[in-house]
Structure formats: structure tokens, C-alpha cells
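As C-alpha cells, the structure follows; a few thoughts come after it.
Values quoted throughout were computed directly from the atomic coordinates according to the rules given, and no laboratory measurement underlies them. It should be emphasised that the depicted structure is a prediction, and the values quoted were computed from it without experimental measurement. A quick note on method: Cβ atoms are made from the backbone with ideal geometry, for glycine too, and the neighbour counts reach across all protein chains shown.
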Amino acid sequence: MARIWYIPLPPTARTTVFDFVEIGPADDKPLELMGFLIGQHTEVKEAEEEQLDVRVTVMPATFTSGSGGSAGAPWNPDSQDSTSVGFASEVFNTTQASTSGTAKELYYPWNVRANPLEEWYPDAPMRPKAAQGEAIVIRLMVAPLDSITFAGWVCVKEGIG
Ligand SMILES: [Ca+2]
Ligand SMILES: [Ca+2]
């Protein structure tokens, strides 16, 4: 049975390129990226505004996990469902994940001052997907001009059905 999980992106300051999240599916539990929201706390006036290069990627095998951030803390929105999470997740890694293959990329140019970056993939065929050995990674590909404190969340569906 498939389950929905939220992965929080707790407020975290970053000054370099990094990965907002990397998610590696477990055996027989493919993942679909349902949606995400990325906001920030520090770019609040015109002089602080800038344009960021955010990308959603699907990395094929062989996937190499990044480092420098923290373990993800996914939670299931169904309070009556105590099933443990299967996938591995890390957030805010400063050494970015990589793949020996060719990543599939979606580009999300984002002006950080005005609004959060929010995306939903309402139709299943549109959702980025990954199976064991692959990964879904949301990345910042150009360093910010100055420190930005990012926060948000990512929503995934794990499993089939
Ligand atoms: Ca700035
Ligand atoms: Ca890692």
C-alpha cells in the first residue's frame, strides 16, 4: 500500500550550493514526488532580493549520497498509521549528491524575495519518480549572493497503489 510522507526542511542558513533534499527509495517501494514548498526567512527587502537556480532532479544509478546536512525526519500525515518509513532522506547537504548516469532535470528559477517556490504535480504521470538505486534530489545549483535561511517541506508517495 502506498503512503504519503512529508519531509520537513527546517530553517537552515546556507551560503553555498547545496541539496534541499535527497530521497533514496527502499527495495520494492518506488517513490513519487507529489509536491514541495521552499521559502526563506532572510531576503525581505529589495536590496536582498536575488534570483536562484533550483532544480528537481531524478538521478539514475549509480547514485552517490551527499553529506554535510542532516538526516531527514519524514512524518506520515495519517495519525493512525504507525508504519515505518522505508526510504532514506537527507536535507541541506552542502556536498551535493551525484550520479554516474545522466540526471533528469526540471528547472525552477526562483526570485527569493517575492513568494515561496511551490509546486504540485496533481497528475500521476507528471510526477518525478525513482526506484531503488535511484534518487530524487532537489538542488540549488548556483551559490546565493549572501546567506539565506531556507525552510519548507517536500511531499512524496512511497510504494505502489
Ligand atoms: Ca540576497
Ligand atoms: Ca549522505
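Below are the figures for this structure:
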item	result
Three semi-axes of the equivalent ellipsoid, the range 20-161, Cα gyration tensor, whole Å, largest first	26, 17, 14
Proximal aspartates and glutamates to LYS45, defined as alpha-carbon separation beneath 16 angstrom and excluding residues fewer than eight positions away on the same chain	ASP146
Set of the range 11-29 residues, backbone N closer than 12 Å to the point 7 Å along the Cα-Cβ line of SER147	12-16
By average C-beta atoms within 10 angstrom, highest first, the peptides 26-39, 120-133, 71-84	26-39, 120-133, 71-84
Exposure proxy order (Cβ contacts within 10 Å, fewest to most) of VAL58, VAL21	VAL58, VAL21
Selection from ALA71, LEU117, VAL44 lying farthest towards where the dipole of the chain points positive, charges on Cβ	ALA71
Computed magnitude of the charge dipole of the range 3-158 (debye, nearest 20; Cβ of K, R +1, Cβ of D, E -1)	180
Charge dipole of the range 3-158 about the Cα centre (unit charges at C-beta), most positive-ward option of ILE148, ALA97, GLY86	GLY86
Descending principal axes extents, the range 98-161, alpha-carbon based, whole Å	41, 30, 17
